[in-house]
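Trainee: Structure incoming, see below.
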2 protein chains.
Amino acid sequence: MPNELIQEEINQSKIIDQIRCLAIDMISEAKSGHPGIALGAAPIVYALYANHLRIDPKNPNYFNRDRFILSAGHASALLYATLYMAGYDLTLDDLKAFRQIDSKTPGHPEYGITPGVDCSSGPLGQGLATAIGVAMAEANLRAKYNKGKNPLIDFNTYVLCGDGDLMEGISYEAASLAGTLKLNKLIVLYDSNNICLDGPTSLTFNENIAMRFISQGWNVISVEDGNSFELISKAIEEAKTSTEKPTLIEIKTTIGKYSENAGTNKVHGAPLSKEDISNIKETLGIRDIPFAISQNTCEEFRQIINDRCQNLSAEFDRKILSLDDKTLNELRYFMEPDKKLQMNSFTYDPPEDNLEATRDTSQKILNYMSKLYPFIIGGSADLFASNKTYIKDGCNFQADNYLGKNIYFGVREHAMGAILNGLSLCGFRPYGSTFLVFSDYLKPAIRMAALMNLQNIYVFSHDSISVGEDGPTHQPVEQLLALRSLPNLEVFRPADANETIGAYKAIFAKSNGPSVISLARNKTKILEVTKANEVEKGGYILIDPIKKADAILISSGEELHLAIEVANRLKPKGIDLRVVSMPNLERFLKQTPEYIEDVLPVEIRKIVIEASSSYSWNKLIYNSKYLITLDKFGASGKYQDVYKKYGFDVDSLEEKVEELLK
Amino acid sequence: MPNELIQEEINQSKIIDQIRCLAIDMISEAKSGHPGIALGAAPIVYALYANHLRIDPKNPNYFNRDRFILSAGHASALLYATLYMAGYDLTLDDLKAFRQIDSKTPGHPEYGITPGVDCSSGPLGQGLATAIGVAMAEANLRAKYNKGKNPLIDFNTYVLCGDGDLMEGISYEAASLAGTLKLNKLIVLYDSNNICLDGPTSLTFNENIAMRFISQGWNVISVEDGNSFELISKAIEEAKTSTEKPTLIEIKTTIGKYSENAGTNKVHGAPLSKEDISNIKETLGIRDIPFAISQNTCEEFRQIINDRCQNLSAEFDRKILSLDDKTLNELRYFMEPDKKLQMNSFTYDPPEDNLEATRDTSQKILNYMSKLYPFIIGGSADLFASNKTYIKDGCNFQADNYLGKNIYFGVREHAMGAILNGLSLCGFRPYGSTFLVFSDYLKPAIRMAALMNLQNIYVFSHDSISVGEDGPTHQPVEQLLALRSLPNLEVFRPADANETIGAYKAIFAKSNGPSVISLARNKTKILEVTKANEVEKGGYILIDPIKKADAILISSGEELHLAIEVANRLKPKGIDLRVVSMPNLERFLKQTPEYIEDVLPVEIRKIVIEASSSYSWNKLIYNSKYLITLDKFGASGKYQDVYKKYGFDVDSLEEKVEELLK
């Protein structure tokens, strides 16, 4: 080996060790964090940043950068130390503020907080599954915008994951889809150290991981010595040549390498002792002073990256300038934070019989908007025919056609949720669909979307006990509340075609946070009194008697039709009711006090009719006696019979309301 | 082949075809259901009931029966038709009432409704994962109670699943643990028909399933012709000889066999046309009259089962009578519905400094109760050290020791939830643990427990933003509400050791429905004013001024300590506050109006302090201004700093309360 190469090798090891020591110092300073993976996986992260990631630390968000998602989010100290060393906009003081309130270096990576962090992570499995969405986004953009030999979009998606990620079902689901879709530009670096939080993985996790991923259509590469960044780098090089399959690189590492507790779970999640840190630094030849940095290693690391990446971001900027206006405008949407879309040009053509399930109206709108805007893409968790989210002539997103608009997520709601996050992170406005009751399956991924302020749209159909025959396992009760109460997520529950249009208008007009549209299975009348443009206020007066109302019925979705009928029936009995439609309770609560008082005057009695959890509605009505809601599980039967069993048929409702107003 | 055998074969095919036709008639009568799997998988279910399942249709719940879980719950018509034919307590009228309100034959199998149904199912993946819990229960009971050659407990657990089940992450998680634990008495019959709801599985699901299960430590057997009950039966016979591994039998079938739409997704989820049914019946030689039954086939099926099973249940009864009293009593608990346990003998030994995190108190109680009662078993989703749910000297539940009390669920919260359901279905009182924020991951399984009225205990620690450094991905906000609003689930959130004892007393005293115990990460004072015995009322007066209170502070968990401090600080300022502890809001709301008025008199102002979603508390207080709660995501930082950021430090709270009471 020529002397020069040896020299380089030594220096690079030094950089890795510097990163290790910075990370354990951060954890020590914070008195909190995860030194095990920082010490064990530093060569992996180094190999990636030094030799492979196409990035620009000075322009961290340039669009065609390679993405890196730290699925093992507890390795945040390792990531931040690496980003600092690589020249991202982080100072030593930022590293010293690791895990402190309002710092740029929070406990787990947070999107939008730290330059160079492409995705929030922490809940295990989410990052890996999100990466599949990122790789799908890349595949779609690549198919869409690359002409000729000089590709505009061609980024790789890298993930660092650990055993914990691979134990979570979501990672299995997502990997299965990635294999089916042949996402060859996805490369997962698996930090395989045989240790989980509770002890050796053998206690609970005895899989042949290579075989598992091969069974799912992946390319698998093994690196026996995870302390060798050269071997890791070589493996990544090989992975990049995969043409038909995503790649898993299983890298055998030692958790807490160089610590006295190396190779055990003791080193996983608590700061190291002072002595341990001193000994590690002595072994590695790093000065035993907290946050001591050798300026040389720092500069060398930055130089290595610069040599490889210096032109990438500028080159991309040049390329997009040569695009035609239409393409450039389109691409800009993906690149810019403003996600507002308008659907004013949508014209609705009601069916002759004036009956339509909101899920059917939804399909018309999605078809229209999807054809209008290339950023809208989505699919269903194996319920296209029920959710009505299929885009006709939109083709299917498949391994042989990444231009397809219809994603077959399979019966994988949780992965669907994370994949939507990945698509959003690349600028799409994606939607995913399933039955409302199964929103539970993807809730953790919805939470990540809300945390990252992404604009996903969740199309949840079959949104009450009126699901009917399928029974209580398929009938939502508490789900609307669970979604309404999720911070930064909005729930729209339109009652008919008009309100469905209004809900989508409001959703597409948003530039922050995800939205749920909750849709009915059954056909209902398209009402004359509903107004699309009122939906954005959350709630509005639908029907009002000429004289002052005796009481107000508040309702949403399918049940609004029952409320109207109750009002109609009680009128001849001398009871004059106002009917208020409340497609979005949270929005309504944010209106001015004057508007709220106007719609729901304090002195008039109010009754809510909604076949879902009462908790939502105590926000409007204190006395639960006036809530005609549902706090128990549904039942199997014809939907009319199910409604009746729980008092949501018009006869029962009429009687109940009359009694309440006596 | 001798004539006799041919004869038998023909007759058995006739029984299968009879079952098929009954099932499609049921679906046709209901105008709702899933004929595809009924036609395709009938030979599988037949082979199982005729030749393998050790059951007693007249005594369907006898304890050592083989369990059968229909994970593909949409095959309910097939199951009910088979149960009827097999002689369970179902009439033709019951079959005709398929999917009708209040029938014994609901849309998806419901535990406790239909004799012979061992588990509710429908949400895909849940059944398979629950079966892993059933097999674990059997392994534990077998290890515990079998002496000598003549085993008392030795039942097999069978599952029928489809592609949809295997796409769900939960099934992967559970299968991974089953392989690790070498649950050889678990046999999964995989109805492999290459069709999912949206079309051919190739659209989204291209796994080598055999390889996948082998990678997880399973034995895999293939049956190429799924229309041959003999081949299926032979495969099951072979599976029963597996000594070290659970078995997956992949059975290639044709969805909707004999229908005009056989082999396509069209036949999955809607009734067949009249013509289609007529043609199928003609092909099969069944009279074309709805619900026509050949009495011969019915009797023959019952005879086949009877010949094999007639003595099983009586034999088991005999065996248990020969047990010693202690063992018999113990075993009876597993077999009987009354699940109440008392913990009166528990004596609490407070630490010297009088400081303890409720998770630590919880560990003491679980250790005590677990040693006292063999029915209590549980574990953690890779967070033993944090959740504090490890039973010291309880040994680990492992492949070489099924007597172990500590289950290492791995980072598999969802499978953990379903496994608890399986354990409960076999009479255990199991617990599972993770961080409260990750309750989202197992919510669908908790819902199944609530639906089945099982007595699972969920130990959720780290129950607020006071998690601190780990940041918003690890800090629950909306989770307490989500759990409180889940029908038939109770949430206890004790404030200190005394209330933790009270909460467990109340939980163990329950004989219906699952419970959550929500525990704090941080140490808090053991209060003099808290009372274990008051917890069962849900809420009670903790501190009361001598004169009439100016206002009432209501709080729970860790925040109760802040509320008390606020009250103490405001007293010298002339503001006399009552403090009410509310460890279980739902229970409190069910108390008598008198008790509620006594604790929270209408005319006194009330303020809630809880660092979680406001929706919970509008049930007590209409005006949200008096709710010091949290409707946004947390942040990473020292827990005191996080509290402060959101106004939950004592200074901020004091100021806020004072202002509110001005």
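The values are calculated or read from the model by the stated rules, or taken from the named source; none is laboratory data. Being a predicted model, the structure only gives us computed values, none of them experimental. We place every Cβ from the backbone using ideal geometry, glycine too, and count neighbours over all the protein chains shown. Side chains are part of the model used for accessible areas, which takes the heavy atoms of the whole protein and leaves out ligands, DNA and RNA. Shrake-Rupley method; radii C 1.70, N 1.55, O 1.52, S 1.80 Å.
Trainee: Please verify whether B:R429 is within 27 Å of B:S120 (Cα to Cα), out of contact with any Phe, Trp or Tyr (no Cβ under 7 Å at 6 or more places or on another chain) and basic (K, R), treating the condition exactly as stated.
Mentor: no
Trainee: Is it the case, given these coordinates, that B:I187 is aliphatic (A, V, I, L, M), closer than 23 Å to A:T434 by Cα, assigned by TED's automatic domain parsing to the domain that holds B:I24 and crowded, with 24+ Cβ neighbours inside 10 Å?
Mentor: No.
To keep it simple, each residue is scored yes or no on (1) out of contact with any strand residue (DSSP E or B) (no Cβ under 9 Å at 6 or more places or on another chain); (2) of a type outside the set (F, W, Y); (3) in the same structural domain as A:D393 (by TED's automatic domain parsing); (4) closer than 28 Å to A:Y390 by Cβ.
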| position | (1), (2), (3), (4) |
| --- | --- |
| A:I277 | yes, yes, no, no |
| A:I286 | yes, yes, no, no |
| A:F291 | yes, no, no, no |
| A:Q295 | yes, yes, no, no |
| A:K326 | yes, yes, no, yes |
| A:T361 | yes, yes, yes, yes |
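Trainee: For the range A:418-439, name all the residues that are within 14 Å of chain B (Cβ to nearest Cβ), of a type outside the set (V, I, T) and either open to solvent by less than 10 Å² (accessible area, probe 1.4 Å) or closer than 18 Å to A:A137 by Cβ (or both).
Mentor: Those that are within 14 Å of chain B (Cβ to nearest Cβ), of a type outside the set (V, I, T) and either open to solvent by less than 10 Å² (accessible area, probe 1.4 Å) or closer than 18 Å to A:A137 by Cβ (or both): A:A418, A:N421, A:G432, A:S433, A:L436, A:S439.
Trainee: Hey, does the range A:61-68 have a residue that's at pLDDT 95 or above, hydroxyl-bearing (S, T, Y) and either surrounded by fewer than 24 Cβ atoms within 10 Å (Cβ to Cβ) or in contact with a Pro (Cβ under 8 Å, 6 or more places away or on another chain) (or both)?
Mentor: The answer is yes; a qualifying residue exists.
Trainee: Right, something else. Among the listed residues A:K619, A:K625, A:K656, which satisfies the condition of being open to solvent by 10 Å² or more (accessible area, probe 1.4 Å), touching a strand residue (DSSP E or B) at 6+ places or on another chain (Cβ under 8 Å), in the same structural domain as A:V566 (by TED's automatic domain parsing) and within 17 Å of A:L553 (Cβ to Cβ)?
Mentor: The match here is A:K656.
Trainee: Right, something else. Of the residues in the range A:590-613, how many are outside any loop (DSSP other than H, G, I, E, B) and farther than 25 Å from A:L660 by Cα?
Mentor: Matching residues across the range A:590-613 total 3.
Trainee: Has the range A:570-580 got at least one residue that is touching a Pro at 6+ places or on another chain (Cβ under 8 Å), assigned to a strand (DSSP E or B) and away from chain B (no Cβ under 14 Å)?
Mentor: Yes, some residue in the range A:570-580 is touching a Pro at 6+ places or on another chain (Cβ under 8 Å), assigned to a strand (DSSP E or B) and away from chain B (no Cβ under 14 Å).
Trainee: For the range A:628-640: of the residues being at the interface with another protein chain (Cβ under 8 Å from one of its Cβ atoms) and open to solvent by less than 60 Å² (accessible area, probe 1.4 Å), which is nearest to B:G513 (Cα to Cα)?
Mentor: Result: A:F633.
Trainee: For B:L341, are the conditions met, namely being modelled with pLDDT of 95 or more, under 25 Å from B:P514 (Cα atoms) and in contact with a Phe, Trp or Tyr (Cβ under 7 Å, 6 or more places away or on another chain)?
Mentor: yes
So that you can scan it fast, the table gives a plain yes or no per residue for (1) free of Cβ contacts under 8 Å to residues at least 24 places away in the same chain; (2) part of a helix (DSSP H, G or I); (3) open to solvent by 10 Å² or more (accessible area, probe 1.4 Å); (4) on the phi < 0 side of the Ramachandran plot:
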position: A:L78; (1), (2), (3), (4): no, yes, no, yes
position: A:Y84; (1), (2), (3), (4): no, yes, yes, yes
position: A:D89; (1), (2), (3), (4): no, no, yes, yes
position: A:F98; (1), (2), (3), (4): no, no, no, yes
position: A:P109; (1), (2), (3), (4): no, no, no, yes
position: A:L124; (1), (2), (3), (4): no, no, yes, yes
position: A:A135; (1), (2), (3), (4): no, yes, no, yes
position: A:K147; (1), (2), (3), (4): yes, no, yes, yes
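Trainee: Has the range B:334-342 got at least one residue that is part of a helix (DSSP H, G or I) and within 32 Å of the chain's Cα centre (by Cα)?
Mentor: Yes, there is a match, as at least one residue in the range B:334-342 is part of a helix (DSSP H, G or I) and within 32 Å of the chain's Cα centre (by Cα).
Trainee: Would you say B:K257 is under 24 Å from B:D165 (Cβ atoms), out of contact with any His (no Cβ under 6 Å at 6 or more places or on another chain) and open to solvent by 30 Å² or more (accessible area, probe 1.4 Å)?
Mentor: yes
Trainee: Just to be sure I understand, how many residues within the range B:352-387 are within 14 Å of chain A (Cβ to nearest Cβ) and open to solvent by less than 40 Å² (accessible area, probe 1.4 Å)?
Mentor: Looking only at that region, the number is 9.
Trainee: Kindly provide the set of residues from the range B:489-535 that are assigned to a loop (DSSP other than H, G, I, E, B), aliphatic (A, V, I, L, M) and open to solvent by 10 Å² or more (accessible area, probe 1.4 Å), ordered by number.
Mentor: B:A509, B:I526, B:L527, B:V529, listed by residue number.
Trainee: Answer yes or no as to whether B:L272 is open to solvent by 50 Å² or more (accessible area, probe 1.4 Å) and among the hydrophobic types (A, V, I, L, M, F, W, C).
Mentor: So B:L272 does not fit the description; no.
Residues checked against (1) within 30 Å of A:G468 (Cβ to Cβ); (2) in the same structural domain as A:N456 (by TED's automatic domain parsing); (3) in contact (Cβ under 8 Å) with a residue 24 or more places away in the chain; (4) of a type outside the set (S, T, Y):
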residue	(1), (2), (3), (4)
A:D338	no, no, yes, yes
A:Y348	yes, no, yes, no
A:I365	yes, yes, yes, yes
A:I376	no, yes, yes, yes
A:T389	yes, yes, yes, no
A:G404	no, yes, no, yes
A:H414	yes, yes, yes, yes
A:N421	no, yes, yes, yes
A:Y431	yes, yes, yes, no
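One line per residue, one yes/no per condition, for (1) farther than 21 Å from A:D93 by Cα; (2) open to solvent by 30 Å² or more (accessible area, probe 1.4 Å):
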position: A:N261; (1), (2): yes, yes
position: A:I277; (1), (2): no, no
position: A:L284; (1), (2): yes, no
position: A:L312; (1), (2): yes, yes
position: A:D324; (1), (2): yes, yes
